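The values are calculated or read from the model by the stated rules, or taken from the named source; none is laboratory data. What you see is a predicted model; the values in this text were computed from it and never measured. Virtual Cβ from ideal backbone geometry, glycine too; neighbours counted across all protein chains shown.
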Amino acid sequence: MIFATLGTHEQGFDRLVKELDRLKQSGAIGEELLIQGSVGKHEPRYCIHKNMLPYQELCDTISKSRIIITHGGPGSILLCLQYGKIPVTVPRQRMFGEHVDDHQVRFVKLLERADKVIAVYDIGQLESAILRYDEIAKTLKPSINDKCNRQALIDKLIDFCSRA
């Protein structure tokens with residue numbers, strides 16, 4: 001199963017939802033695809049959609065999903081990493097009216113440099129990221145539980161936040 005979590009932000013994420021719906025409809029994504037979160041104006045027609053999941057159900061879904069696609073929110077990304085998952089991360093961008101600024105882009109770039117996420121800034125690259133997921137993910141470092149990696153990530157986050 002592929003699970004896409006859009007977070008709880010009030011602005012829609014039509015750019016991602018439309019692309020996921022297109023990929024599912026075209027057959028590029030052949031497995032079950034669940035989208036969680038406020039979708040905006042585009043109601044998915046080919047994907048399963050739930051506005052909210054209780055926290056435990058969210059955790060269970062992340063745990064059992066083969067691929068997680070997420071926005072660039074720290075909470076969603078770090079939850080994936082907690083479960084040892086490399087998320088395909090599509091940060092919300094200001095220029096598309098998806099957020100008030102580009103802090104998600106900056107955060108995702110930091111995690112991309114730390115080999116923690118598969119970053120997709122151009123929605124046209126999402127299909128490739130999904131189709132090549134296993135190949136790409138095996139070169140990255142999903143865990144935040146290793147003490148050395150965790151401390152390095154925390155140090156980078158502190159540095160990033162102090163410059164923001």
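The table that follows gives values for the structure above.
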quantity	calculated
Residue 93, sole failed condition from (1) under 14 Å from the mean Cα position of the chain (by Cα); (2) modelled with pLDDT of 90 or more; (3) not basic (Lys, Arg)	(2)
Breaking point among (1) out of contact with any Pro (no Cβ under 8 Å at 6 or more places or on another chain); (2) in a loop (DSSP other than H, G, I, E, B); (3) not β-branched (Val, Ile, Thr), for residue 4	(2)
Candidate set: the stretch 37-77, residues that are aliphatic (A, V, I, L, M) and modelled with pLDDT of 90 or more; chosen: the one farthest from residue 24 (Cα to Cα)	77
Scan of the stretch 20-46 for residues that are within 14 Å of the chain's Cα centre (by Cα) and either farther than 16 Å from residue 123 by Cβ or not β-branched (Val, Ile, Thr) (or both), ordered by number	20, 33, 34, 36, 37
Cross-chain or 6+ apart pairs with Cβ under 6 Å, the stretch 100-120 first and in contact (Cβ under 8 Å) with a residue 24 or more places away in the chain and at positive phi, then in a loop (DSSP other than H, G, I, E, B) and not hydroxyl-bearing (Ser, Thr, Tyr)	115/140; 115/141
Pairs, first assigned to a strand (DSSP E or B) in the stretch 27-47, second surrounded by 14 or more Cβ atoms within 10 Å (Cβ to Cβ) and hydroxyl-bearing (Ser, Thr, Tyr), C-beta under 7 Å, six or more apart	34/61; 36/5
Single match in 58, 23, 53, 111 (criterion: of a type in the set (A, V, I, L, M, F, W, C), surrounded by fewer than 19 Cβ atoms within 10 Å (Cβ to Cβ), assigned to a helix (DSSP H, G or I) and in contact with a strand residue (DSSP E or B) (Cβ under 9 Å, 6 or more places away or on another chain))	58
Selection within the stretch 26-50 - surrounded by 15 or more Cβ atoms within 10 Å (Cβ to Cβ), touching a strand residue (DSSP E or B) at 6+ places or on another chain (Cβ under 7 Å) and of a type outside the set (Gly, Ala, Ser)	29, 33, 34, 35, 36, 39, 44, 47, 49
